[in-house]
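Nothing in this text is a laboratory measurement; each read-out follows from the coordinates by a stated rule. Keep in mind it's a predicted model, so treat the numbers as computed, not measured. Here the Cβ positions follow ideal geometry from the backbone for every residue, glycine too, while neighbour counts run over all protein chains shown.
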Amino acid sequence: MEENEKCGGAIPDTFFEVERLQEFINLGTVKTYAKGSAVMWPGDKCSSLIYVVSGRLRVNKLLDDGRERLVYFTSKHGLVGKLYETCNDSYAIALEDSKVCFFSKEQLKQIFSMNDEIPFDIIRNYLSKTSYYMKQAAEIDYFNPAVRIVRLFYELYIANGVKVGNYHEVNIQLSLENISEITGTHYVTASKVIGWLRKNKVMEKKRKKIIIYDAEKLKMMTQGTHVF
């Protein structure tokens, strides 16, 4: 993935890529989707492992009250696990023109017989997702919403911060909606926290970047259970 290559990192993105599957897309079913198209809908009967050949998808979960919640993003060489479906309330939308490959169980068995490293790549991808969501669940129970937002910014700084003069930049585009979904907070809370951080010259969020002015103060704010 581009923004974050670490297991259990700050944003729910591609996680560990499975590059080796690219060699076998001729054995699966390849489909192209225009930006904004649905790759799968809730309730779809799709017993396949979905592999992103190119482009970028957003996987959402549909909640009981009709609201939607971001689950993760996945880009080139990423996976959407629909081979063994335990629930049919998730769907995927193409965030840009994308090409994906659908692999059935029989096709995967054939691929595994040709390259016995690929199953371990897939396991690593799934375990990285599990690790990420275990961490998210633990933080939601332990930290209040404001701290979770601060911790997101600090983790992005650690993973992707680049020093520019006397501050650091993180080149990433995150909307208030993205931040609230990733941290499990209300977007109004996210807006208030960002405003407080800007007012106190700790950091500032631009449209396509985050500017960290005081990394030490940001770090200190991650270590308590409450910020305000």
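When each of Asp64, Asp89 is scored by the number of other beta-carbon atoms lying within 10 Å, the sequence from fewest to most is Asp64, Asp89.
Within the listed set Asn26, Asn144, Asn125, the residue fluctuating most in the Gaussian network model of the chain (springs between alpha-carbon atoms under 10 angstrom) is Asn26.
Segment 55-86 and segment 165-228 have Cα centres lying 25 Å from one another.
Calculated FRET efficiency, Leu95 to Lys217, Cβ-Cβ distance, R0 = 30 Å: about 0.35 to the nearest 0.05. Summary value for segment 99-203: 20 percent relative contact order, contacts being C-alpha pairs under 8 angstrom separated by 6+ residues.
Among Tyr142, Tyr72, Tyr126, a tally of other beta-carbon atoms within 10 Å of each Cβ gives an order, fewest to most, of Tyr142, Tyr126, Tyr72. Residues considered: Glu96, Glu19, Glu216. Largest GNM mean-square fluctuation over the chain, using C-alpha springs under 10 Å, is found at Glu216. For the chain, relative contact order (Cα pairs under 8 Å, six or more residues apart, normalised by length) works out to 21 percent.
Expressed in whole Å with the largest first, what are the equivalent ellipsoid semi-axes of segment 79-178 derived from the C-alpha gyration tensor as the square root of 5 times each eigenvalue? Show your work: numbers first, answer last.
Numbers: eigenvalues 227, 69, 50 Å².
Equivalent ellipsoid of segment 79-178: 34, 19, 16 Å, largest first.
Taking other Cβ atoms within 10 Å as a rough exposure proxy, Ile182, Ile11 sort from fewest to most as Ile182, Ile11. Placing unit charges on each Cβ (+1 for Lys and Arg, -1 for Asp and Glu) gives the chain a dipole about its Cα centre, and among Phe73, Ile50, Trp196 the Cα reaching farthest toward its positive end belongs to Trp196. Rg and Dmax of the chain, based on Cα coordinates, read 18.9, 58 Å.
So what is the calculated 222 nm ellipticity per residue for the chain, using -39500 (n - 2.57) for each DSSP H run with n of 4 or more, over all residues, to the nearest 500 deg cm²/dmol?
That comes out to -11000 deg cm²/dmol.
With contacts taken as Cα pairs under 8 Å at a separation of at least 6 residues, segment 19-137 carries a relative contact order of 35 percent.
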